[in-house]
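Encoded as structure tokens, the structure appears first; notes follow it.
The values are calculated or read from the model by the stated rules, or taken from the named source; none is laboratory data. Source: prediction; values computed, not measured. Backbone-built Cβ (ideal geometry, glycine too); neighbour counts: all protein chains shown. Please note that ligands, DNA and RNA were not included when accessible areas were found on the heavy atoms of the full protein model with its side chains. Shrake-Rupley method; radii C 1.70, N 1.55, O 1.52, S 1.80 Å.
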Amino acid sequence: MSLTFHWFLPTNGDSRHVVGGGHGTPATASGRDRPPTVAYLSQIARAAEDLGFVGALTPTGAWCEDAWLTTAMVAQQSERLKFLVAFRPGFVSPTLAAQMASTFQRQTGGRLLLNAVTGGESHEQRAYGDFLDKDARYRRTGEFLQIVRELWEGKTVDLAGEHLQVEDARLARVPDPVPEIYFGGSSPAAGEVAARYVDVYLTWGEPPAQVAEKIAWIRGLAAKQGRTLRFGIRLHVITRDTSEQAWAEAHRLLDGFDPETVKSVQAGLARSESEGQQRMLALHGGALPQALDSARAGGTPTGLEIHPNLWAGIGLVRGGAGTALVGSHEEVAERIAEYHRLGIDEFVLSGYPHLEEAYWFGEGVLPRLAAQGLWRHPFAKPAAPAAQVPFAS
């Protein structure tokens, strides 16, 4: 089985520096360096599909552009790349969401994937008019996905749930193919939703031992439902020809962090209700002063390399995914193979800036994975048969 790689569309802006934000914190000023215009995002999308990424994740929240609208526009400027559209159940009716997804599939030739994001920050949810607590939001997500899946099967749906109610709901045209649903969450309530309704369970980039525990947990829950899932991981990447060059780039990014910005972002993230976000914070502990001292001395960032080639520095200024694979192309390929041995088949990656880093990974790491038989280009045309040359008589 070939590994699947997805890239990221920075609809919160891009830069040669880390763009912070997410989980209730605003995007940092660096996001204005390369605004998320359709033209720039389309550049990234075209590069990603040429390099062999299957899809591109777009985030959701007040800190970025709307994922549905943005990807609908970028899809018209690309040919094969799929769009892993993050959306929040509860912000739109399940019947309308099912219809929107069906339309997106027809208008793009089946290039939609959906990332259901329940929402871990109550204060951000309330800004959108959603006043449920976290556990109730997960129960609503389950009802939402149940309705959507039945509608996509062509059923007429009547449901009077705890949070959602539909009557005589049906679609005039079902999507073909049906979009796959991606989902992440570290709480018990999240695990139950994943086991029942999703196709791919996503985790943020924790060390392999912790990822293995999550996979075993979700596999067990899914087995009780008679289901099997695929597993994916969300990571940043800094990959270069040599390990020294990669760590020098990590040091450069770290040196650009403003201590006051780090303090403000960490204070905001510390209030997060997301168990996954708290697990991300625990990986670095806000250890900026020591990390900066080490970086300026040319050493490995103290306290931030939490597993060989796994760096927690991004999480100092960014909510959500806060770790990066850092190293030579060979080292990064080794870490990917290590996660794959645990059961990870899909990798959702990003890097700063997203255009250039896509090429570093696509031209440096993917060929090495291909040589190991772990990956093949999803859009490559089969080689033409050799021409038959007749023997001379």
Practice item. Rounded to whole Hz and in sequence order, give me ³J(HN,Hα) for the stretch 144-151 from the Karplus expression 6.51 cos²θ - 1.76 cosθ + 1.60, θ = phi - 60°, writing x for Gly and Pro. Key: 4, 5, 4, 5, 4, 5, 5, 5
Check your understanding: What is the distance in Å between the Cα centres of the stretch 1-60 and the stretch 217-241?
Key -> 21
Revision key, fill the gap. Calc'd 3J(HN,Hα), the stretch 46-62, phi into Karplus 6.51 cos²θ - 1.76 cosθ + 1.60 (θ = phi - 60°), Hz, glycine/Pro = x, comes to 5, 4, 4, 5, 5, 6, x, 6, 7, x, 9, 7, 10, x, 9, x, 6
Review point. Can you give the accessible area per residue of the chain, in Å², using a 1.4 Å probe?
Key: 42
Check your understanding: Of all DSSP beta bridges in the stretch 19-157, what percent run antiparallel (nearest 5)?
Key -> 10
Check your understanding: Of the heavy-atom accessible surface of the chain (probe 1.4 angstrom), what whole percent is carbon and sulfur?
Key -> 51
Review point. Residue-wise, which Karplus ³J(HN,Hα) couplings in Hz belong to the stretch 340-346, taking 6.51 cos²θ - 1.76 cosθ + 1.60, θ = phi - 60°, and x for glycine or proline?
Key: 4, 5, 7, x, 7, 10, 10
**Study point:** For peptides 274-280, 310-316, sequence by mean Cβ density within 10 Å, most packed first
**Key:** 310-316, 274-280
Review point. Between their Cα atoms, which of Lys82/Lys263; Lys155/Lys224; Lys155/Lys214; Lys134/Lys155; Lys214/Lys381; Lys134/Lys214 are more than 28 Å away from each other?
Key: Lys82/Lys263; Lys155/Lys214; Lys134/Lys155; Lys214/Lys381
Check your understanding: If only Cα atoms are counted, what is the Rg of the chain, and what is its Dmax, in Å?
Key -> 21.3, 86
Exercise for review: Extending each Cα 7 Å along its Cβ direction at Asp133 and Gln372, get the distance between those two points in nm, one decimal.
Suggested key: 4.5
Review point. Quick one: which of 365-373, 160-168 comes out on top by average Cβ neighbours within 10 Å, and what's the full order, highest first?
Key: 365-373, 160-168
**Study point:** Dimensionless Rg/Rh of the stretch 101-232 - Kirkwood Rh, Rg from C-alpha atoms
**Key:** 0.98
Check your understanding: Considering only the other residues whose Cβ falls under 13 Å of the Cβ of Phe91, what net charge follows from Lys and Arg at +1 and Asp and Glu at -1?
Key -> +1
Check your understanding: Sorted by average packing, counted as other Cβ atoms within 10 angstrom per residue and highest first, what order do 346-356, 183-193 take?
Key -> 346-356, 183-193
Study note, to complete from the structure: Rh (Kirkwood, all Cα-Cα pairs) for the stretch 1-160, Å, reads 16.8
